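Undergrad: Mind looking over this structure? Questions follow.
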Amino acid sequence: MEPISVFDMLKIGVGPSSSHTLGPWRAAERFWKELQAKGLLDATHSAKAHLYGSLALTGIGHGTDIAVLLGLCGQDPETIPVEEVQRLPKRIAEQHSLRLGGSRPISFDPAKAIEFHFSERLPGHANGLIFEAFDERGGRLYDATYYSVGGGFVVKEGEEPEENPVRLPYPVATARELEQHCATAGTAIWQVVLENEKTWRPEAEVRKGLLRIWSVMKACIYRGCHTRGLLPGGLEVSRRAADIHDKLRLPCTYSDAEEWVRCLIRSDVEFSKILKWIGCFAMAVNEENANFGRIVTAPTNGAAGVIPAVLMYYLCFTGKKVTDEDIVRFLLVAGEIGSIFKKGSTISAAMGGCQAEIGVSSSMAAAALTEGLGGSPAQALMAAEIAMEHHLGLTCDPIGGLVQVPCIERNSMGAVKAITAASIAIESDPKKARVHLDECIKTMWETAQDMNTKYKETSQGGLAVNISIKVPEC
């Protein structure tokens, strides 16, 4: 299987969805770059985008149209000013034009140039999109088909895998292979993953990159805990994290995210309040995600709150003096567990329901927390299995096609399950476990294949059809 880096699983981006926002954004970016590489950019006078399957059915609620526009304009989801995410598409809609790749002015009226094919699905994946470029006479210059396969990953139709992929010192396709590497080398999971990551980049860059990811997570939690108002989209969902945060009453003052975290670490918090803090952290992230804020895909946007919430729990409430090195190790383990799920099953809700998002993120966090608290590799994998086992069959039925209800609260549930799974695994003997993570991943994939399509991010089943809304988004 093609090697997957931790930085593939943990991506900095913009909400609200990795498969419906970040993926189409990257596909649009690839399209104009292909035009440029073929010498066709300057000959392009107009373009169209066609959205199929789940991208069409829940595209408006997930901001797919906004993502397509920003990708075509050459904006980067990692660096675009957050206030421009909704401002720039409004200008394009008013002017009926955009600068392709940030330089080439073309005619583009989003109302006509982005087509939602609600009743059609492309053969390669539930999240399919086609881009077309036209010359001044309306003749087609170039077209390309892409699939957003979850977690911000994009595959182009007909694209062949690399002939000479990188060769890792510890190739991992399954949990058992990872466990065997750890046993043979006498190392923890994070050490095996770090050695693999050094194939792509120097160790110092790995550490710097992961600490940057943590910085974005931390800033996102902080913003979410200090921002009120209604979320966009028509459901009129009120942000709750800030109200919960204020009721918990921190005993010290602060002026930024760093001081705020130090204040949390110094606080003497009882168990019932720790549970409230965990929920507050997770909901803060996903309220930011729903508001087109900057988040870390972990492994998806819809599940972006689980890992940051569990990492904050590890940092603030376990009694362990957690260093930057510990945070790097936590993220290395989490990323590797996510990659095993991607290789053996899916991280796309459009393919596997919400078990592929919240379930996978909970598994990732559970394994990372277990090893962070001194658990063995076998115990970490056991924790990952426990967390997923209790998410099997979870459907994806977002009301109005928005990543809000039930998605925001589900991140809190996933975080608490991860912590519970770690607690159970640390007190258990993995040799006596009756279910291994690999069997659980296999079961998850079989469950995904058996699940009715309407429960896979289409808003055509479950809560999405039983809750009436005034402003339908899909």
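Undergrad: Since L373 meets every condition but one in (1) more than 17 Å from the chain's Cα centre (by Cα); (2) crowded, with 24+ Cβ neighbours inside 10 Å, which condition does it not meet?
TA: For L373, the failing item is (2).
Undergrad: So if I check each of A56, A49, which one is hydrophobic (A, V, I, L, M, F, W, C), part of a helix (DSSP H, G or I) and either within 18 Å of the chain's Cα centre (by Cα) or not assigned by TED's automatic domain parsing to the domain that holds M351 (or both)?
TA: Result: A56 is the single residue among A56, A49 that is hydrophobic (A, V, I, L, M, F, W, C), part of a helix (DSSP H, G or I) and either within 18 Å of the chain's Cα centre (by Cα) or not assigned by TED's automatic domain parsing to the domain that holds M351 (or both).
Undergrad: Quick check on my filter: what residues within region 336-387 are of a type in the set (D, E), farther than 30 Å from G401 by Cβ and touching a Cys at 6+ places or on another chain (Cβ under 8 Å)?
TA: Within region 336-387, E385 is the sole residue that qualifies.
Undergrad: A433: touching a residue at least 12 places away in the same chain (Cβ under 8 Å), outside the structural domain of L55 (by TED's automatic domain parsing), over 18 Å from S362 (Cα atoms) and not polar (S, T, N, Q), yes or no?
TA: For A433, the condition - touching a residue at least 12 places away in the same chain (Cβ under 8 Å), outside the structural domain of L55 (by TED's automatic domain parsing), over 18 Å from S362 (Cα atoms) and not polar (S, T, N, Q) - is met.
Undergrad: Any idea which of (1) touching a residue at least 24 places away in the same chain (Cβ under 8 Å); (2) surrounded by fewer than 21 Cβ atoms within 10 Å (Cβ to Cβ) is the one E270 doesn't satisfy?
TA: The single condition E270 does not satisfy is (1).
Undergrad: Looking at A387, A334, which one is among the hydrophobic types (A, V, I, L, M, F, W, C), over 15 Å from the mean Cα position of the chain (by Cα) and surrounded by 24 or more Cβ atoms within 10 Å (Cβ to Cβ)?
TA: A387
Undergrad: Still on this model: Filter region 136-155 down to the residues that are out of contact with any strand residue (DSSP E or B) (no Cβ under 7 Å at 6 or more places or on another chain) and touching a residue at least 40 places away in the same chain (Cβ under 8 Å) and list them by number.
TA: E136, G138, G150, F153
Yes/no per residue for (1) buried (at least 24 other Cβ atoms within 10 Å of the Cβ); (2) under 19 Å from A384 (Cα atoms); (3) modelled with pLDDT of 95 or more:
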| position | (1), (2), (3) |
| --- | --- |
| F281 | yes, no, yes |
| A284 | yes, no, yes |
| E288 | yes, no, yes |
| I295 | yes, no, yes |
| P299 | yes, yes, yes |
| I307 | yes, yes, yes |
| V310 | yes, yes, yes |
| Y314 | no, yes, yes |
| K321 | no, no, yes |
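Undergrad: Same structure, new question: Are there any pairs, at least 6 apart or on different chains, whose C-beta atoms fall under 8 Å, with the first in region 4-32 and assigned to a loop (DSSP other than H, G, I, E, B) and the second small (G, A, S) and surrounded by fewer than 24 Cβ atoms within 10 Å (Cβ to Cβ), and if so, which?
TA: Short answer, once both residue conditions are applied: G15/G293.
Undergrad: Next question, about the same structure. Within region 37-47, identify whether any single residue is buried (at least 24 other Cβ atoms within 10 Å of the Cβ) and not aromatic (F, W, Y), and answer yes or no.
TA: Within region 37-47 (the criterion being buried (at least 24 other Cβ atoms within 10 Å of the Cβ) and not aromatic (F, W, Y)), the answer is yes, since at least one residue qualifies.
Undergrad: Name the pairs: first residue in region 360-382 and closer than 16 Å to A183 by Cβ, second residue among the hydroxyl-bearing types (S, T, Y), Cβ to Cβ under 6 Å, at least 6 apart or on different chains?
TA: Q379/T370; A380/T370
Undergrad: Now for a different question. Among the residues of region 455-465, is any free of Cβ contacts under 8 Å to residues at least 40 places away in the same chain, out of contact with any Pro (no Cβ under 7 Å at 6 or more places or on another chain) and not hydrophobic (A, V, I, L, M, F, W, C)?
TA: no
Residues are listed down the side, and each one gets a yes or a no for (1) assigned by TED's automatic domain parsing to the domain that holds A366; (2) more than 16 Å from M9 (Cβ to Cβ); (3) in contact (Cβ under 8 Å) with a residue 24 or more places away in the chain; (4) hydroxyl-bearing (S, T, Y):
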residue	(1), (2), (3), (4)
N291	yes, yes, yes, no
V296	yes, no, yes, no
N301	yes, no, yes, no
P308	yes, no, yes, no
Y314	yes, yes, yes, yes
T318	yes, yes, yes, yes
V322	yes, yes, yes, no
V328	yes, no, yes, no
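Undergrad: Based on this model, can you work out whether V435 counts as more than 21 Å from G279 (Cα to Cα), of a type in the set (A, V, I, L, M) and touching a helix residue (DSSP H, G or I) at 6+ places or on another chain (Cβ under 7 Å)?
TA: Taking the combined requirement at face value, the residue satisfies it.
Undergrad: May I pose another question? Could you look through region 132-157, keep only residues that are under 24 Å from the mean Cα position of the chain (by Cα) and either hydrophobic (A, V, I, L, M, F, W, C) or surrounded by fewer than 15 Cβ atoms within 10 Å (Cβ to Cβ) (or both), and pick out the one that is nearest to L98 (Cα to Cα)?
TA: V154
Undergrad: Let me ask something else about it. Just checking, does region 175-183 include any residue being free of Cβ contacts under 8 Å to residues at least 40 places away in the same chain and assigned to a loop (DSSP other than H, G, I, E, B)?
TA: The answer is no, given that none of the residues of region 175-183 is free of Cβ contacts under 8 Å to residues at least 40 places away in the same chain and assigned to a loop (DSSP other than H, G, I, E, B).
Undergrad: What about E160, is it of a type in the set (D, E), within 22 Å of K38 (Cβ to Cβ) and either part of a strand (DSSP E or B) or in contact (Cβ under 8 Å) with a residue 40 or more places away in the chain (or both)?
TA: No, not satisfied.
The values are calculated or read from the model by the stated rules, or taken from the named source; none is laboratory data. Because the structure is a prediction, the values reported are computed rather than measured. So basically every Cβ, Gly included, is an ideal-geometry build from the backbone, and we count neighbours across all protein chains shown.
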